[in-house]
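Trainee: My questions all concern the structure below.
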4 protein chains.
Amino acid sequence: MKTIGAAIVGGTGFGAGELLRYFVSHPAVEVVSVVSSSSPGERISGSHPYLSSFYDRPFDAALPFERLEPYRERFIFLALPHGQSGLWLKEHRAKLGRTKLIDLSADYRLSVQAVHEQTYPEVPFDGEIRSQFCYGLSEAASEQIARSHWIANPGCLATACALAAKPLLSAFSSELSGTLCFDAKTGTSGAGRKAQDSMHHPTRHANMEAYKVLCHRHEPELRQALGLSAAQRTMFVPHLLPCTRGIFVTVYTELKSPQSASDLLDCYQRFYQGKRFIRIRETSPTLHDVVGTNFCDIAVAVRGTQVVVMCSLDNMGKGMAGQAIQNMNLMCGLDETSGLLIPSVGPL
Amino acid sequence: MKTIGAAIVGGTGFGAGELLRYFVSHPAVEVVSVVSSSSPGERISGSHPYLSSFYDRPFDAALPFERLEPYRERFIFLALPHGQSGLWLKEHRAKLGRTKLIDLSADYRLSVQAVHEQTYPEVPFDGEIRSQFCYGLSEAASEQIARSHWIANPGCLATACALAAKPLLSAFSSELSGTLCFDAKTGTSGAGRKAQDSMHHPTRHANMEAYKVLCHRHEPELRQALGLSAAQRTMFVPHLLPCTRGIFVTVYTELKSPQSASDLLDCYQRFYQGKRFIRIRETSPTLHDVVGTNFCDIAVAVRGTQVVVMCSLDNMGKGMAGQAIQNMNLMCGLDETSGLLIPSVGPL
Amino acid sequence: MKTIGAAIVGGTGFGAGELLRYFVSHPAVEVVSVVSSSSPGERISGSHPYLSSFYDRPFDAALPFERLEPYRERFIFLALPHGQSGLWLKEHRAKLGRTKLIDLSADYRLSVQAVHEQTYPEVPFDGEIRSQFCYGLSEAASEQIARSHWIANPGCLATACALAAKPLLSAFSSELSGTLCFDAKTGTSGAGRKAQDSMHHPTRHANMEAYKVLCHRHEPELRQALGLSAAQRTMFVPHLLPCTRGIFVTVYTELKSPQSASDLLDCYQRFYQGKRFIRIRETSPTLHDVVGTNFCDIAVAVRGTQVVVMCSLDNMGKGMAGQAIQNMNLMCGLDETSGLLIPSVGPL
Amino acid sequence: MKTIGAAIVGGTGFGAGELLRYFVSHPAVEVVSVVSSSSPGERISGSHPYLSSFYDRPFDAALPFERLEPYRERFIFLALPHGQSGLWLKEHRAKLGRTKLIDLSADYRLSVQAVHEQTYPEVPFDGEIRSQFCYGLSEAASEQIARSHWIANPGCLATACALAAKPLLSAFSSELSGTLCFDAKTGTSGAGRKAQDSMHHPTRHANMEAYKVLCHRHEPELRQALGLSAAQRTMFVPHLLPCTRGIFVTVYTELKSPQSASDLLDCYQRFYQGKRFIRIRETSPTLHDVVGTNFCDIAVAVRGTQVVVMCSLDNMGKGMAGQAIQNMNLMCGLDETSGLLIPSVGPL
């Protein structure tokens, strides 16, 4: 019998589908339930046809906690829309016991009440609950994650920006002389599964535009993830790419004194030494190399004092379900790569 | 130690990359060499960046046969352009011994000399060698494949057409009253890795066209795969889709007497009973459900005597490398699904 | 002052946007009103941002008929959803007078009551009104269109299939020995402007599937357009392409006796002699060559008795707004190409 | 007879095709010759199939200067690869007389010898010839262009960056406190018509990457176009989008004191007052709104002292052929919009 029992709440969305896809290859995980309050009784593979012949059983209407009991490790993944995770947790908290929880929503990501309330005014801030969550940026907090029971899984854009800039801030923090500009490009799957005008195929195909310019919710999150002081200025603009999966972030900044390309490269290679999912590249990252995977590819360029960092990852992989499973691995004492060392399909 | 030693010849092409990708997840295969006469000494992941951190060692200039020796099962995969496989085999035949061979090219697919010479006039037909090859359409000839040492791996379009039409021909052969029309739509990766005008991104993006209308080389192959007599007429037209991976074939034909939808469905379900990679669908197959996998999804529709069969697969998976590995599994006595039961990434 | 006053009802949809785009270049048309009951008072270019600086005035809540009066020719284009055109016409019929009407919907396309009622059961058939409509396949009925006041503008898929097969049926009708199989591939804009799950970008990007297999509403229409008898059998399967604009139809059929390629070519060239929007091609049509235009490109291939016809057009151009304007030109005694001789942008 | 005789040299490339497409709608231009040294005698529409029925006559092997003579205005458009324009001009200079010249290549764009030699070391700098060229950024130098005989047509990326930043520099030059970061995203047509590995469809589809990071040749050009002093620092990174046409540039900078959104908007509206091809948008520009046109759409966002400018245009339109024709219009005393006021096709 496998050692980890896993249940997913919010079964019809992209997050659930992607978790299930990764679980197919995970050696230790048994999926004991997929809950959908909107489609109870329907086949899981009806909502996720690509999982046909893998998950043909029905969605549960509510989580059967008792099915988790036989497992040494018990996990619930909340793949609910923002706001609903918090409600679910409040309702079911008493039943959790030693069952661990990974929340894919934004409900518990921000730790400062004022920042949370300004960013997600529609989601009440509960300081007591929030204090028990660990922000799960795997490469940045692996030990803390390993000790935690509840994880607030990072947002996809914040993950890319944070992973791109962390080594720079670590090595050259006092050297930074200017604003950190994050230009993010993302596929359309980030908007979720539900049809909406702005994600209508004729609107997005062969098109590009910026959105939520200087007012996207992931900017406070990436600032928190990077531990920036108020003095360190950032600009963040996301753009919609005419493809479905993948994020590409380009970071621009200036240092006080010139650096060599090899120094920058060394800085990144050292910082991510031993981190299997971070691949430091000599040329630009691409979406192809990371789509469908938990990898995050990073490259740096330098010209005197000017630094550019490029970073690509799959918003549904390292930016969501992949990182959630990586966190689960850490929380179980497994190798963090367990079930996740799968290359992308490449030409796409 | 793993039980299968595998070598790939023709290492820089899409075929090799895709084989290597599948081998990452295969429990029994050790890749002992990837040969590239054009890029010896360069890193494998230099040609296939998405395999970075999986295959960072160099290409070999020539196949080191001795490296295969320690393994209980020894396999060579020829991923060379049409015409070059035959040359390679003639040169190295004496060294093969009990090493098994799977050829991804078209050089040994056609068994009738006249048909071969008309179809591939530039590739000499060697009847003695050809007679030792088994045409490796896995679902159609699993026992013969299991006993074979040399496999001619089917073409991608022929695989899709043959898998789509086989059950129909098996159950209703005498009932067929008209031509079998195969309308095939394929992604651009089928043309291989080398840049060419007709596959230039600005030419193919958001575009579609037919090519080699009524004169494509896979029509003789699919006729052979289906065992058609000269009396059974076929028409075959491939079209280029504005995407990279995936084949979708729509088959049109007429029967002498009307059939019910459920009879047709039964026919397909029975024919492929126990075949894990064939999924009979109730609605249209899609590319998303099969891209990156060894699955072939099939659906049927009927209106009186009129029958439509739809079939989708990944030209690089079930249409090439996936089927090659499925054949390898069969030739080793492994479960044919070994290392291949991976769902697609879905929304793409 | 321009000679044609034109009003559009149903202003926020793709049909209206495309009509307006063509009217920018039309030498004789003045757009006097664009009606939207859902967005009255909002800027036209708010719904169609690509028309910004061309149509920045507001939608009208209802059609101001008096604005049409000063013009020698008066046209109303109904760009409403199926079913609503009929309702609009019944309500406003008395006000039409000599104002001509072109209806982009399917409400008045089918002339046989039983066929209409089976195909569009939700739209009542009004024989008296229907009898005053002319089915506006421009190349097939230019003289009748020129004498008509009310036009039922053909559907996009039916237009492509009919234009592809007409010359064949005209020249070889008694020679046809088998079913006419129409394999249609279409972009996503055919489904209209409104977001829906099946047209969600993550669902359609890099994907393909068939829909309404053997039961699409354009099959009765194309049969009517081709004047087929019940004895002439057809099969029609549409597929969704991963792009926005364009239709590509491949027609398969068999003749009783073999034909040469040049005979077939001659047949098509003669049939469309003088028809500026039909371009007979020596190689496969493409989407690129027709997207954004009123052109329909056709090529033929033959192998003995087997014939393949390929046809491409823009579902929003020749398949909708372009043909509507071509019909308007005919109805005004203008050159049918007036305002429509614009090449596509090519590489897209 | 039309008043402008125009000849194009370098007839098979994207530049020539796009010029020809615009000339179809230009009321004053007669195309007297399209020269291709590589495909003399072949039909123009053979190289540009979308121009079929518009330009079916053959390419000329060499420019027949005498055909230009009857026209009041005579223009030669050089659509040759970088380096070849200069060679052509040196060879044919004596024959030019009062014939005007618009060069689409980079050969005469840079005015400072040292900058040119560092940027295009393979193209010799000829100061005497260069001094007779006017850099043709239409909105920035319309009067100078109108007086010029030889135009160096700006590069596509430089055009987008310069148009995006000019108003800011004009109004807030002394207020700029930081680096101007230009994050550019461009379609694949910018690389030209010739197939190459990096533009192979399977490589680019659904992919994204940066290239020539901090070392792209358009950075010196955009600095020159903006008239920047050495003290004003810039960073420029172009990225390849998975689509064919269109550029989207996002500019990041900081001012010394905060500005309001309306002040910024006013600044841009005033600066481009009366410029028909610049549309100041209230929301993000898109590619759809500009593809196939000569428009450049711009929007601004501000947060305290932080400013973001977004700009979209078609690299083949305003970024190449469209601007060339706009310059021709200016040089002839025509309205600069002549033949160019065509909206995009919108949903694409």
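Trainee: Considering each of B:GLY304, B:GLY292 in turn, give the residue that is surrounded by 24 or more Cβ atoms within 10 Å (Cβ to Cβ) and on the phi > 0 side of the Ramachandran plot. Reasoning before the result, please.
Mentor: Details: B:GLY304 fails: surrounded by 24 or more Cβ atoms within 10 Å (Cβ to Cβ).
Exactly one of B:GLY304, B:GLY292 is surrounded by 24 or more Cβ atoms within 10 Å (Cβ to Cβ) and on the phi > 0 side of the Ramachandran plot, namely B:GLY292.
Trainee: Let me ask another. Out of (1) within 21 Å of C:THR234 (Cβ to Cβ); (2) buried (at least 24 other Cβ atoms within 10 Å of the Cβ), the odd one out for B:ARG245 is which?
Mentor: (1)
Trainee: Something else: Go through region B:100-142 and give me each residue that's among the acidic types (Asp, Glu) and either free of Cβ contacts under 8 Å to residues at least 60 places away in the same chain or over 21 Å from B:MET316 (Cα atoms) (or both). Give the derivation first.
Mentor: So in region B:100-142, the residues among the acidic types (Asp, Glu) come out as B:103, B:107, B:117, B:122, B:126, B:128, B:139.
Correct list: B:ASP103, B:ASP107, B:GLU117, B:GLU122, B:ASP126, B:GLU128.
Trainee: Looking at region B:86-99, I want the residues that are over 15 Å from B:PHE133 (Cβ atoms) and have a partner that is modelled with pLDDT of 95 or more with Cβ atoms under 6 Å, at least 6 apart or on another chain. Which pairs are those?
Mentor: As it stands, the answer is B:LYS95/B:PHE65, since those pairs meet every condition given.
Trainee: Only one of (1) among the hydroxyl-bearing types (Ser, Thr, Tyr); (2) away from chain A (no Cβ under 13 Å); (3) closer than 17 Å to D:MET310 by Cβ fails for D:TYR252. Which number is that?
Mentor: Result: D:TYR252 fails condition (2) only.
Trainee: In region B:153-173, is there at least one residue being at pLDDT 95 or above, basic (Lys, Arg) and touching a His at 6+ places or on another chain (Cβ under 6 Å)?
Mentor: Within region B:153-173, not a single residue is at pLDDT 95 or above, basic (Lys, Arg) and touching a His at 6+ places or on another chain (Cβ under 6 Å).
Trainee: Now a separate question. Tell me, please, whether a residue that is open to solvent by 10 Å² or more (accessible area, probe 1.4 Å), within 14 Å of chain D (Cβ to nearest Cβ) and of a type outside the set (D, E, K, R) can be found in region C:29-44.
Mentor: yes
Trainee: Given the options D:ARG72, D:ARG57, D:ARG130, name the one that is in contact with a helix residue (DSSP H, G or I) (Cβ under 9 Å, 6 or more places away or on another chain) and open to solvent by less than 50 Å² (accessible area, probe 1.4 Å).
Mentor: Working: D:ARG72 fails: open to solvent by less than 50 Å² (accessible area, probe 1.4 Å); D:ARG57 fails: open to solvent by less than 50 Å² (accessible area, probe 1.4 Å).
The conditions single out D:ARG130.
Trainee: A further question on this structure: Of the conditions (1) touching a helix residue (DSSP H, G or I) at 6+ places or on another chain (Cβ under 6 Å); (2) farther than 25 Å from A:VAL300 by Cα; (3) free of Cβ contacts under 8 Å to residues at least 40 places away in the same chain, D:LEU265 satisfies every one except a single condition; which number is it?
Mentor: With (1) touching a helix residue (DSSP H, G or I) at 6+ places or on another chain (Cβ under 6 Å); (2) farther than 25 Å from A:VAL300 by Cα; (3) free of Cβ contacts under 8 Å to residues at least 40 places away in the same chain applied to D:LEU265, the lone miss is (1).
Trainee: Say we look at region A:328-347 and pick out the residues that are within 14 Å of A:PHE23 (Cβ to Cβ) and touching a residue at least 12 places away in the same chain (Cβ under 8 Å); which of these is most open to solvent (accessible area, probe 1.4 Å)?
Mentor: So the first thing to find is which residues in region A:328-347 are within 14 Å of A:PHE23 (Cβ to Cβ), and the list is A:328-329, A:332, A:334, A:338-340, A:342.
Next cut, touching a residue at least 12 places away in the same chain (Cβ under 8 Å) only: A:328, A:332, A:334, A:338-340, A:342.
Details: A:MET328: 0, A:CYS332: 31, A:LEU334: 59, A:SER338: 23, A:GLY339: 18, A:LEU340: 1, A:ILE342: 41 Å².
Within region A:328-347, the match that is most open to solvent (accessible area, probe 1.4 Å) is A:LEU334.
Trainee: Please enumerate the residues belonging to region A:177-201 that are over 21 Å from the mean Cα position of the chain (by Cα) and surrounded by fewer than 19 Cβ atoms within 10 Å (Cβ to Cβ).
Mentor: Result: A:SER177, A:GLN196, A:ASP197, A:SER198.
Trainee: A further question follows. Report yes if C:GLY317 is under 14 Å from B:GLU209 (Cα atoms) and within 14 Å of chain D (Cβ to nearest Cβ), otherwise no. Don't jump to the end; show me each part of the working.
Mentor: On the way: under 14 Å from B:GLU209 (Cα atoms): no; within 14 Å of chain D (Cβ to nearest Cβ): yes.
Considered against the rule, which asks whether it is under 14 Å from B:GLU209 (Cα atoms) and within 14 Å of chain D (Cβ to nearest Cβ), C:GLY317 comes out as no.
Trainee: Suppose we filter region C:193-232 for residues that are in a loop (DSSP other than H, G, I, E, B), hydrophobic (A, V, I, L, M, F, W, C) and within 14 Å of another protein chain (Cβ to nearest Cβ); how many remain?
Mentor: The initial filter retains those residues of region C:193-232 that are in a loop (DSSP other than H, G, I, E, B), namely C:193-196, C:205-208, C:211-217, C:227-232.
Now drop any that are not hydrophobic (A, V, I, L, M, F, W, C), which leaves C:195, C:206, C:208, C:213-215, C:228, C:230-231.
Applying the additional criterion that residues be within 14 Å of another protein chain (Cβ to nearest Cβ) yields C:195, C:206, C:208, C:213-215, C:230-231.
Final tally of qualifying residues: 8.
Trainee: Tell me whether region B:54-67 contains one or more residues that are within 14 Å of chain A (Cβ to nearest Cβ), more than 20 Å from B:MET320 (Cα to Cα) and of a type in the set (Asp, Glu).
Mentor: Here is the first cut: in region B:54-67, the residues within 14 Å of chain A (Cβ to nearest Cβ) are B:54-56.
If we keep only those that are more than 20 Å from B:MET320 (Cα to Cα) as well, we get B:54-56.
Keeping just the survivors that are of a type in the set (Asp, Glu) gives B:56.
Scanning region B:54-67, I find at least one residue that is within 14 Å of chain A (Cβ to nearest Cβ), more than 20 Å from B:MET320 (Cα to Cα) and of a type in the set (Asp, Glu), so the answer is yes.
Trainee: Sort out which residues of region D:34-87 are within 23 Å of B:THR203 (Cβ to Cβ), charged (D, E, K, R) and touching a Pro at 6+ places or on another chain (Cβ under 9 Å), and write them in order of number.
Mentor: Hits for region D:34-87 are D:GLU42, D:ARG43.
Trainee: Return the pairs, sorted by first residue and then second, in which the second residue is open to solvent by 20 Å² or more (accessible area, probe 1.4 Å), the first residue lies in region A:46-59 and is on the phi > 0 side of the Ramachandran plot, the beta carbons are less than 9 Å apart, and the residues are 6+ apart or on different chains.
Mentor: So the pair list comes out as A:SER53/B:ARG276; A:SER53/B:LEU341.
Trainee: Restricting attention to region C:1-27, and to residues there that are within 12 Å of chain D (Cβ to nearest Cβ) and small (Gly, Ala, Ser), which single residue is surrounded by the fewest Cβ atoms within 10 Å (Cβ to Cβ)?
Mentor: Only one residue fits best here, namely C:SER25.
Trainee: Checking the conditions here, which among C:ALA114, C:ALA162, C:ALA171 is within 19 Å of the chain's Cα centre (by Cα) and hydrophobic (A, V, I, L, M, F, W, C)?
Mentor: Details: C:ALA114 fails: within 19 Å of the chain's Cα centre (by Cα); C:ALA171 fails: within 19 Å of the chain's Cα centre (by Cα).
One residue alone meets the criteria, C:ALA162.
Trainee: If you go through region B:262-275, how many residues are loosely packed, with under 13 Cβ neighbours inside 10 Å and within 14 Å of chain C (Cβ to nearest Cβ)?
Mentor: Qualifying residue count for the region: 0.
Trainee: Looking at D:PRO343, D:PRO285, D:PRO258, which is the one that is under 28 Å from A:HIS205 (Cα atoms) and touching a strand residue (DSSP E or B) at 6+ places or on another chain (Cβ under 9 Å)?
Mentor: D:PRO285
Trainee: Check C:SER177 against each of (1) in contact with a Lys or Arg (Cβ under 7 Å, 6 or more places away or on another chain); (2) modelled with pLDDT of 95 or more and name the one condition it does not meet.
Mentor: It is condition (2) that C:SER177 fails.
Trainee: Being open to solvent by 20 Å² or more (accessible area, probe 1.4 Å) and either of a type in the set (Gly, Ala, Ser) or more than 17 Å from D:PHE248 (Cβ to Cβ) (or both) is the requirement here; does D:ALA171 meet it?
Mentor: On the way: open to solvent by 20 Å² or more (accessible area, probe 1.4 Å): yes; either of a type in the set (Gly, Ala, Ser) or more than 17 Å from D:PHE248 (Cβ to Cβ) (or both): yes.
Judged against the criteria, D:ALA171 is a match.
Trainee: Only one of (1) surrounded by fewer than 24 Cβ atoms within 10 Å (Cβ to Cβ); (2) within 23 Å of D:TYR211 (Cβ to Cβ) fails for A:ARG217. Which number is that?
Mentor: (2)
Trainee: Then there is this: Mind checking which strands (runs of 3 or more DSSP E) fall wholly inside region B:29-148 and carry at least 1 residues that are among the basic types (Lys, Arg)? Quick ask: steps written out before the conclusion?
Mentor: Values: elements: B:29-35, B:73-78, B:100-103, B:133-135.
Once the strands (runs of 3 or more DSSP E) in region B:29-148 are filtered for at least 1 residues that are among the basic types (Lys, Arg), what remains is B:73-78, B:100-103.
The values are calculated or read from the model by the stated rules, or taken from the named source; none is laboratory data. As the structure is a prediction and not an experimental result, all values here were calculated from the model. Here the Cβ is made from the backbone with ideal geometry for all residues, glycine too, and neighbour counts use every protein chain on show. Accessible surface is based on the protein model in full, side chains and every heavy atom, while ligands, DNA and RNA are left aside. Shrake-Rupley method; radii C 1.70, N 1.55, O 1.52, S 1.80 Å.
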